[in-house]
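Chemist: If you scroll down you'll find the structure; I have some questions about it.
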Amino acid sequence: MLQVESITKRFGGVVANSDVSFSVDEGQIVGLIGPNGAGKSTMFNMISSIFPPTEGNILFCGKRIDLLPSYKVAPLGISRTFQNLQVFKNMTVIENVMVGQHMRTKQNLSGVASMLLGIAKNERKVYEEAMDILRFFNLELLYDQKASSLSLGKLRLLEFARAYATEPKLLLLDEIAAGLNHSETSEMSELIKRVRDSGVTILVVEHDMDLVMSICDKLVVLDQGMKIAEGAPKEIQANEAVIAAYLGAEIEEEVV
Amino acid sequence: MKLQGVQQTKWWGVVVFIAAILIFPLVVTQSFFITQATFAGIYAIIAIGLGLLMGYAGQISLGQAAFYGVGAYTTSILTATWGWSPWLSLPIALLVPALLAFFMGYTMSRLSGYYLAMATLALGIIVHGLLVEGKGITMGASGFYGIPQLSLFGMTINQGVPYYFLVWFFVLIVLILSLNIVHSRVGRALRSIHDSEIASSSMGVNTGRYKMQVFILSAAFAGLAGWLFAHMSYSISPSAFTFDASILFLAMVVLGGSGSVWGALIGALLIRMIGITVHTLGEQFSFITSDSEHVIYGLILILVVIFMPKGLFPTVIDWFKNTSIKRVEKKSSVPVTPIERSVSE
Ligand SMILES: Nc1ncnc2c1ncn2[C@@H]1O[C@H](COP(=O)(O)OP(=O)(O)O)[C@@H](O)[C@H]1O
Ligand SMILES: [Mg+2]
């Protein structure tokens, strides 16, 4: 479904990704892991076309997507969440989800005409669908709250719900459980599985190893921009390069 | 149809507005105030457009007077020089500023950062310069005269109450149109761009195109105001379309509240009232000159930005809602977590 082919990304002198290739098959949950600064978010930004790679191609369902503007990637069926939360904070919870439905709710001419009279036709349908999505993510009680008043855990859920509302084929989750407590994290991993079971392929960046190991079909490990391993969670756990990378990162952090 | 938690047009507000338009000339009969109220309506149309641009597309125009002037001169030339009917020139007076905005937006493709503010500033200077220098067509600094009056069903729409109603009829249309846009999926998309452009485009929102559309709409509104302004008077001059005027429109939006259609309207009214007050005082006290007006606008801008960054209207609404929530809490005496509710449409 998704093919990442020899991707390199440079920011001036910084090499954030170096010749990285991997693929994601339909129906899988694939984990992209690695220490901080390994280039995971950069990879997500290229898959969602926020910026183009310096070298290499990205194919989605056989089509090159790396040269498209980002708003054209969503209609193909790719959606994402953001590590540094990008909720629409001046909008209510349900309005956030309704923006997720934006491209599926094109107004036709009669819609526009009814809008001129102040009776937006499709609004109720969109609203009710949004409410269903909120129920799916256990956010229905907060529907009319301003997003800025939500706790971190709810904000992560809202990002997830909003991305899901675009009806993606592939969903990119960037550190969706970061900052969550234990029960919130397990709720999140249940949700990820439920979303996968509803027919969405998932690529997830996550530091919580319990979560990653329990839900992923496959892991891709990055370290300092390079892919150092790929395989089933079991294999990765035993992989020496991976252990070294994580130990190295830990020692570095301790020294710092 | 009420959708709780979603911004929607409150129709009672529109009804109150219509009533106010109808009642005003019954209560206030001096022709001076009717004329001022007519001008206020013309400014309100520009302010609503600029408010959409600032509050919903997150862009600032420092040259809205240019679109206003282009609209006014387009219709003046078409009607006085070429002999067109003013009603025929109306769509052209909207279209020319809109096209101008389209080409400006197009060359800047994505309308980001301060580019639009700078480009519109330059546009304002250029347009004013052309109006002054293009004597052969615009009659230069002394002004263009001979603009025909409007007539409807064979009756001339005279200055005074008839023109007041014409202008405020157009304000009503602009207001309803704007409220509906703001409360549609397009409005939601625009508000989302304001909060996070990157997330917005990841949801499939073509952010550049929406910003461009709002810019074009704001230019067309200014063109409409120009058309109304031109046919109100027998003559117009470039001095009405200066940088000062652009700043005045900006002040209306900042005072009333960008991101609020009603706010822009109220801002236009307030700024106009302040102008009249200063003017009236100036006739009694010689130390108050027309420059004092600008000092006061400047002070207002500074105070609003410091104490009410959202602008007057949203701040007052916030305050209202908060106190009414508190009252409900007291009555029910059940501890309710204070809810920050979304306001300002
Ligand atoms: N927009 C950017 N401009 C410059 N450098 C960047 C940018 N984004 C990321 N980087 C750099 O690329 C490297 C990888 O960052 P990132 O992809 O965020 O890592 P991760 O998500 O794996 O923690 C870091 O050194 C970071 O500083
Ligand atoms: Mg990251």
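Chemist: State the number of residues belonging to region B:156-189 that are surrounded by fewer than 19 Cβ atoms within 10 Å (Cβ to Cβ) and farther than 22 Å from residue B:42 by Cβ.
Modeler: 0
Chemist: Follow-up. Given the conditions (1) within 16 Å of ligand 2 (Cβ to nearest atom); (2) surrounded by 21 or more Cβ atoms within 10 Å (Cβ to Cβ); (3) closer than 15 Å to residue A:172 by Cβ, and given that residue A:24 satisfies all but one, which numbered condition is not satisfied?
Modeler: (1)
Chemist: Within region A:115-131, can one find any residue that is more than 23 Å from residue A:160 (Cα to Cα) and either more than 9 Å from every other protein chain (Cβ to nearest Cβ) or modelled with pLDDT of 95 or more (or both)? If you could, list the steps in order and put the result at the bottom.
Modeler: Initially, region A:115-131 is screened for residues more than 23 Å from residue A:160 (Cα to Cα), giving A:115-122.
Keeping just the survivors that are either more than 9 Å from every other protein chain (Cβ to nearest Cβ) or modelled with pLDDT of 95 or more (or both) gives A:121.
Scanning region A:115-131, I find at least one residue that is more than 23 Å from residue A:160 (Cα to Cα) and either more than 9 Å from every other protein chain (Cβ to nearest Cβ) or modelled with pLDDT of 95 or more (or both), so the answer is yes.
Chemist: Right, here's the next one. Which residues, taken from region B:266-298, are open to solvent by less than 60 Å² (accessible area, probe 1.4 Å) and charged (D, E, K, R)?
Modeler: B:272, B:293
Chemist: Right, something else. Criterion first (assigned to a strand (DSSP E or B), touching a helix residue (DSSP H, G or I) at 6+ places or on another chain (Cβ under 9 Å), within 14 Å of ligand 1 (Cβ to nearest atom) and not β-branched (Val, Ile, Thr)) does residue A:31 satisfy it?
Modeler: Answer is yes for this residue.
Chemist: Please report, ordered by residue number, the helices (runs of 4 or more DSSP H) entirely within region A:152-256 with at least 1 residues that are within 16 Å of ligand 2 (Cβ to nearest atom) and open to solvent by less than 70 Å² (accessible area, probe 1.4 Å).
Modeler: Values: elements: A:152-164, A:182-197, A:209-215, A:233-238, A:240-255.
Per the criteria, A:152-164, A:209-215, A:240-255.
Chemist: Within region B:29-60, work out how many residues are of a type outside the set (Gly, Ala, Ser) and either open to solvent by less than 20 Å² (accessible area, probe 1.4 Å) or assigned to a loop (DSSP other than H, G, I, E, B) (or both).
Modeler: Looking only at that region, the number is 14.
Chemist: Is it true that residue B:266 is in a helix (DSSP H, G or I), under 29 Å from residue B:20 (Cβ atoms), modelled with pLDDT under 90 and away from chain A (no Cβ under 12 Å)?
Modeler: No.
Chemist: Could you tell me whether any residue of region B:160-167 is free of Cβ contacts under 8 Å to residues at least 12 places away in the same chain, within 14 Å of chain A (Cβ to nearest Cβ) and assigned to a helix (DSSP H, G or I)?
Modeler: No; the residues of region B:160-167 include none that is free of Cβ contacts under 8 Å to residues at least 12 places away in the same chain, within 14 Å of chain A (Cβ to nearest Cβ) and assigned to a helix (DSSP H, G or I).
Chemist: Any chance region B:315-323 includes a residue that's at pLDDT 85 or above, crowded, with 19+ Cβ neighbours inside 10 Å and of a type in the set (A, V, I, L, M)? Quick ask: steps written out before the conclusion?
Modeler: Going through region B:315-323, the residues at pLDDT 85 or above turn out to be none.
No, that holds for no residue.
Chemist: For residue B:147, are the conditions met, namely being surrounded by 17 or more Cβ atoms within 10 Å (Cβ to Cβ) and under 29 Å from residue B:30 (Cα atoms)?
Modeler: When the stated conditions are applied, residue B:147 passes them.
Chemist: Across region B:4-22, what is the number of residues that are surrounded by 13 or more Cβ atoms within 10 Å (Cβ to Cβ) and aromatic (Phe, Trp, Tyr)?
Modeler: Looking only at that region, the number is 1.
Chemist: Looking at residue A:44, is it of a type in the set (A, V, I, L, M, F, W, C), within 12 Å of ligand 1 (Cβ to nearest atom), within 14 Å of chain B (Cβ to nearest Cβ) and crowded, with 17+ Cβ neighbours inside 10 Å? Walk me through it before giving the result.
Modeler: On the way: of a type in the set (A, V, I, L, M, F, W, C): yes; within 12 Å of ligand 1 (Cβ to nearest atom): yes; within 14 Å of chain B (Cβ to nearest Cβ): yes; crowded, with 17+ Cβ neighbours inside 10 Å: yes.
For residue A:44, the condition - of a type in the set (A, V, I, L, M, F, W, C), within 12 Å of ligand 1 (Cβ to nearest atom), within 14 Å of chain B (Cβ to nearest Cβ) and crowded, with 17+ Cβ neighbours inside 10 Å - is met.
Chemist: Working only within region A:1-17, note down all residues that are open to solvent by 40 Å² or more (accessible area, probe 1.4 Å) and either in contact (Cβ under 8 Å) with a residue 40 or more places away in the chain or away from ligand 2 (no atom under 16 Å from the Cβ) (or both).
Modeler: A:3, A:5, A:6, A:10, A:12, A:13, A:15
Chemist: Another question, then. Do the conditions hold for residue B:74, that is, is it within 29 Å of residue B:161 (Cβ to Cβ), surrounded by fewer than 24 Cβ atoms within 10 Å (Cβ to Cβ) and of a type in the set (Ser, Thr, Tyr)?
Modeler: Working: within 29 Å of residue B:161 (Cβ to Cβ): yes; surrounded by fewer than 24 Cβ atoms within 10 Å (Cβ to Cβ): yes; of a type in the set (Ser, Thr, Tyr): yes.
Yes.
Chemist: Now for a separate question. Residues of region B:7-28 being in a loop (DSSP other than H, G, I, E, B) and in contact (Cβ under 8 Å) with a residue 60 or more places away in the chain, which ones?
Modeler: Residues satisfying the conditions are B:7, B:8, B:9, B:10.
Chemist: Could you tell me which of the residues B:192, B:196, B:85, B:201 is at pLDDT 90 or above, among the small types (Gly, Ala, Ser) and open to solvent by 40 Å² or more (accessible area, probe 1.4 Å)? It would help to see each step written out before you state the result.
Modeler: Details: B:192 fails: open to solvent by 40 Å² or more (accessible area, probe 1.4 Å); B:196 fails: open to solvent by 40 Å² or more (accessible area, probe 1.4 Å); B:201 fails: open to solvent by 40 Å² or more (accessible area, probe 1.4 Å).
The conditions single out B:85.
Chemist: If you don't mind, another one. Does at least one position in region B:80-102 carry a residue that is assigned to a loop (DSSP other than H, G, I, E, B) and under 18 Å from residue B:245 (Cα atoms)?
Modeler: no
Chemist: How many residues are modelled with pLDDT of 85 or more and open to solvent by less than 60 Å² (accessible area, probe 1.4 Å) if we restrict to region B:119-143?
Modeler: Here the count works out to 11.
Chemist: Here is a further query. For region A:2-25, check the following and say yes or no: at least one residue is more than 8 Å from ligand 1 (Cβ to nearest atom) and within 14 Å of another protein chain (Cβ to nearest Cβ).
Modeler: no
Chemist: Give the number of residues within region A:50-80 that are within 9 Å of another protein chain (Cβ to nearest Cβ), assigned to a loop (DSSP other than H, G, I, E, B) and buried (at least 22 other Cβ atoms within 10 Å of the Cβ).
Modeler: Qualifying residue count for the region: 1.
The values are calculated or read from the model by the stated rules, or taken from the named source; none is laboratory data. Since we're looking at a predicted model, the values are computed, not measured. Using ideal geometry, Cβ is built from the backbone for each residue, glycine included, and neighbour counts are taken over all protein chains shown. All accessible areas refer to the heavy atoms of the entire protein, side chains included, with ligands and DNA or RNA removed. Shrake-Rupley method; radii C 1.70, N 1.55, O 1.52, S 1.80 Å.
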